[in-house]
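Everything on this sheet refers to the single structure shown next.
The values are calculated or read from the model by the stated rules, or taken from the named source; none is laboratory data. Nothing here was measured: the structure is a model prediction, and the numbers come from that model. Ideal geometry is used to build each Cβ from the backbone, glycine not excepted, and the neighbour counts take in all protein chains shown. Heads up: the accessible areas ignore ligands, DNA and RNA and are worked out on the full protein's heavy atoms, side chains in. Shrake-Rupley method; radii C 1.70, N 1.55, O 1.52, S 1.80 Å.
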Amino acid sequence: MSPETEGTDADRAAWAELFELVPPQEDEDQPRRRGLFARLRENLTAPRQTISPQLAGIFAPALVSAATWDELEEALIAADCGMDASLALVEGLRAEAEQGRITSGADLSRALWRAVADQMAPEPARIPLHGEPTVIVIVGVNGSGKTTTIGKLAYRLAELDKKVVIGAADTFRAAAIDQLAVWADRAGAQLVRQGPGADPGAVAFDAVASGKARGADVVLVDTAGRLQTQHNLMEELRKVVGVVGKVAPDAPQEVLLVLDATTGQNGLSQARLFDQATDLTGVVLTKLDGTARGGIAVAIRRELDIPVKLVGSGEQLEDLQPFDAQAFARAIFSTED
């Protein structure tokens, strides 16, 4: 079954670049980036309302003064960028000012969002589909949006004519399995499932084995939501990740942490402990349309060197998008239109 609706050409191009199915388009002014920036500006109203007034006051003076740097540091920390990242950003911008490249608030506005973008993603986010199949394990705490993220990924992959298998290894929640069944039907994906309470490792094993047998391009493995403080459940998660490697030696190619951006700096703690358990390859930052400030993406990259690969800013299909650091930074950390 093909997807029920077609995404825009710009959306498909962005997803094709993420999965390395087409050569990247590097032009900053390309329609895809302009469209993503406009959508982020519209969806990230809450983060902008939190940080923009502070930044507008900092950028207003015609000349940058000594007080500017303290105010900017406070604004970045308030935006959840974290202490280390905030200090590094301010230090870099101050050095540019000393070299005469930043003299006014307008200069600082442009330099800030570009510095934030460089801090978050020196290279574009990518999830290369090089496995046979590529196995992507999705982890995170309860309520972060894991199941919905998997469904939307399957849908997008189907738009790109990729054959997908979904492993419903969250066997603790029958609702999660039912929700994945709906998404699998919409995307024309095969769902591998067992009954509630079944061994999650066995489900993950069967999903990867089925993907190999059916010639699938991608296997998406859901996992039970868990708090990072639950030792036994984290050990079980290690087992799930280890099991898929027994079916396909290079698997999983990706382990993505779905992180609720509204958790702020607690998200950094989550990312650190999940990374210790599973060697994360990336983060999916969700609920950016809520009370999130957005800077957690900067903190995670700075302190853990884990890139954000996807962002979610709403409930609709098009509200999950490949992460574009420049569009994201400009949408939140610039007062320019």
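What do you reckon, is Gly195 part of a loop (DSSP other than H, G, I, E, B), open to solvent by less than 60 Å² (accessible area, probe 1.4 Å) and either over 29 Å from Glu159 (Cβ atoms) or without any contact (Cβ under 8 Å) to a residue 60 or more places away in the chain (or both)?
yes
If you check Val298 against the conditions, is it within 22 Å of Ser52 (Cβ to Cβ) and out of contact with any Leu (no Cβ under 7 Å at 6 or more places or on another chain)? Don't jump to the end; show me each part of the working.
Working: within 22 Å of Ser52 (Cβ to Cβ): yes; out of contact with any Leu (no Cβ under 7 Å at 6 or more places or on another chain): yes.
Yes: the conditions hold for Val298.
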inquiry  = Residue under question is Thr5, and the condition is that it be under 29 Å from Arg94 (Cα atoms), of a type in the set (Val, Ile, Thr) and either modelled with pLDDT under 80 or touching a helix residue (DSSP H, G or I) at 6+ places or on another chain (Cβ under 9 Å) (or both); does it hold?
reply    = no
Those residues of the range 79-117 which are among the small types (Gly, Ala, Ser) and either assigned to a loop (DSSP other than H, G, I, E, B) or open to solvent by 10 Å² or more (accessible area, probe 1.4 Å) (or both) amount to Ala79, Gly82, Ala88, Gly92, Ala95, Ala97, Gly100, Ser104, Ala106, Ala111, Ala115
When Asn232 is run through (1) more than 30 Å from Arg110 (Cβ to Cβ); (2) open to solvent by less than 20 Å² (accessible area, probe 1.4 Å), the failure sits at (2)
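Condition (residue is assigned to a helix (DSSP H, G or I), at pLDDT 85 or above and of a type in the set (A, V, I, L, M, F, W, C)) applied to the range 44-55: is it met by at least one residue? Quick ask: steps written out before the conclusion?
Just the residues of the range 44-55 that are assigned to a helix (DSSP H, G or I), to begin with: 45-55.
Those still in the list that are at pLDDT 85 or above too: 55.
Adding the requirement that they be of a type in the set (A, V, I, L, M, F, W, C) leaves 55.
Yes, that holds for at least one residue.
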Counting only residues in the range 204-226 that are more than 20 Å from Leu157 (Cβ to Cβ) and open to solvent by less than 10 Å² (accessible area, probe 1.4 Å), the one modelled with the lowest pLDDT is identified as Arg226
Out of (1) in contact with a Pro (Cβ under 8 Å, 6 or more places away or on another chain); (2) of a type in the set (Phe, Trp, Tyr); (3) under 20 Å from Leu317 (Cβ atoms), the one Phe172 does not meet is (3)
Restricted to the range 118-127 and to residues being assigned to a helix (DSSP H, G or I) and not acidic (Asp, Glu), the residue nearest to Val283 (Cα to Cα) is Met120
The residue that is most open to solvent (accessible area, probe 1.4 Å), considering only those in the range 144-167 that are among the small types (Gly, Ala, Ser) and not in a helix (DSSP H, G or I), is Gly145
Pairs returned, first residue in the range 167-181 that is closer than 12 Å to Ile150 by Cα, second residue that is at pLDDT 90 or above and open to solvent by 60 Å² or more (accessible area, probe 1.4 Å), beta-carbon separation under 7 angstrom, 6 or more apart or interchain, are Ala168/Arg193; Ile177/Arg193
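Looking at the range 126-137, can you tell me whether even one residue there is of a type in the set (Ser, Thr, Tyr), at pLDDT 90 or above and open to solvent by 20 Å² or more (accessible area, probe 1.4 Å)?
Looking only at the range 126-137, we keep the residues that are of a type in the set (Ser, Thr, Tyr), and these are 134.
Those still in the list that are at pLDDT 90 or above too: 134.
From the residues that got through so far, the ones that are open to solvent by 20 Å² or more (accessible area, probe 1.4 Å) too are none.
No, the range 126-137 contains no residue that is of a type in the set (Ser, Thr, Tyr), at pLDDT 90 or above and open to solvent by 20 Å² or more (accessible area, probe 1.4 Å).
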Just one listed residue, out of Gly143, Gly188, is closer than 24 Å to Asp319 by Cα, touching a Pro at 6+ places or on another chain (Cβ under 8 Å) and either modelled with pLDDT under 95 or of a type outside the set (Gly, Ala, Ser) (or both), and it is Gly188
